[in-house]
Amino acid sequence: MENILALDIGLKRIGVALYLQGIILPQSPILRKNRNQAAKEISQILKEKQPRIVVVGIPEGGGASEEMTKRIKHFVSLLEISQNTKVIFVDEAYSSFEAAQKMQGSKKAKKKDGSLDSLAATIILECYLRQVGKVSVGEE
């Protein structure tokens, strides 16, 4: 089974999730101090986990989402990604909202520690897996 890494890239935090041996696992989020520091930390994760695919959530639609899409794609260009690794951009529509819904009532819901962002990355990963026909955790 191939490793797949998912990223929910934001201006302050980057959510990270990993698909490993058929299980989606939220990873520790990256707290962005600046884009170079964040790119270096993500590149280190890529080096350690060696995913075959990196799934990156991007907003679809016009206006402000176009600017964010440009920023995300620029950030991805800063990453040290192996030539054997494929980068796939998927619509992240409502992933943060869905993550917030799942965390509602949790003590972590109000924290800005990035756990919400990594949960959003797991949702992005689940969407990708559904698109390619792989079954994710909790589905039968």
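The values are calculated or read from the model by the stated rules, or taken from the named source; none is laboratory data. All figures in this text were calculated on a predicted structure; none of them were measured in a lab. For accessibility, only protein heavy atoms count, side chains too; no ligands or nucleic acids. Shrake-Rupley method; radii C 1.70, N 1.55, O 1.52, S 1.80 Å.
Restricting to Cα pairs below 8 Å that are 6+ residues apart, what does the relative contact order work out to for the range 1-52? Please round to a whole percent.
Reported relative contact order: 33 percent.
Could you rank R13, R71 by how accessible they are, 1.4 Å probe, largest area first?
Of R13, R71, the descending order of accessible area is R71, R13.
Rg and Dmax of the range 1-47 over Cα atoms: what are they, in angstrom?
Calculated on Cα positions, Rg and Dmax stand at 11.1, 34 Å.
By what distance, in whole Å, do the Cα atoms of the range 1-81 stretch along each of the three principal axes, largest value first?
39, 26, 19
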